[in-house]
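Below is one structure, written out as structure tokens; the observations come after it.
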Amino acid sequence: MELSTIPDSPPIMNTSDPPPKRTDRSSLVLALITISIVVAGFVFLSRGQEQKPSASPKSAADAELRTRLTPLQYYVTRQSGTEPAFQNEYWNNHRAGIYVDVISGDALFTSFDKYESGTGWPSFTKPIAPDKVVEKVDHSFGVRAEIRSKSSDAHLGHVFEDGPAPTGLRYCMNSAALRFVPVEKLKDEGLAQYLPLFEPKK
């Protein structure tokens, strides 16, 4: 009598065995990617801060002028403004001395060339030297000849062809763009080279 054979049964998985560690590997990969992104972002931001341009010299100079000048002086010299007529410091000044650039201190006009124009602003027939000022075309109110200081590029005023002899010109300036130095203080202000202008002629 032959014994029948029973085919082998398929192996039964033990449910207590641990599952494959795919989840652990995925978590590790995700963590590494996250760390890489964070590090890359930190490096990018650091480089951006290092390469951020600092304030330009022009901006720094402008900020310094805002603290040094009065609001009116800044408005006139840097924004090409005009001060009120008859309500400014030098329109009626008759003392002997030199008018200098309020920003640079460069000599611009003398009291010898100042005259009564009746406009309410200090007016001169000419600058102390032609190379001290620069003339530009101004279209803000018709067409006028604007006068700016060569040393500081400050707006000073305008020049008109209705002045007295010998030049026939009227340099109509803003007091706020100027600083007056009387004769007795020229040496202290480093302007002694102009003292001979005020010595009696022999």
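Read the figures in this text as sums done on the coordinates, not as results from a lab. Quantities reported herein were computed from a predicted structural model and do not represent experimental measurements.
Both radii were evaluated on the Cα set of region 61-198; the Rg over Rh quotient, with Rh as the Kirkwood radius, amounts to 0.94. Taking each of Lys150/Lys185; Lys150/Lys202; Lys136/Lys187; Lys132/Lys202; Lys58/Lys185 in turn, the alpha-carbon distance tops 26 angstrom for Lys150/Lys202; Lys136/Lys187; Lys132/Lys202; Lys58/Lys185.
Note down the Stokes-Einstein diffusion coefficient of region 95-173 in µm²/s, whole number, using a Kirkwood radius over alpha carbon pairs, 25 °C, and 0.890 mPa s. In µm²/s, the coefficient rounds to 193.
Given 4 °C and 1.567 mPa s, how large is the Stokes-Einstein diffusion coefficient of region 142-202 in µm²/s, with Rh as the Kirkwood radius over Cα pairs? Mind showing how you got there, number by number?
Details: Rh = 14.0 Å.
Diffusion coefficient, whole number: 92 µm²/s.
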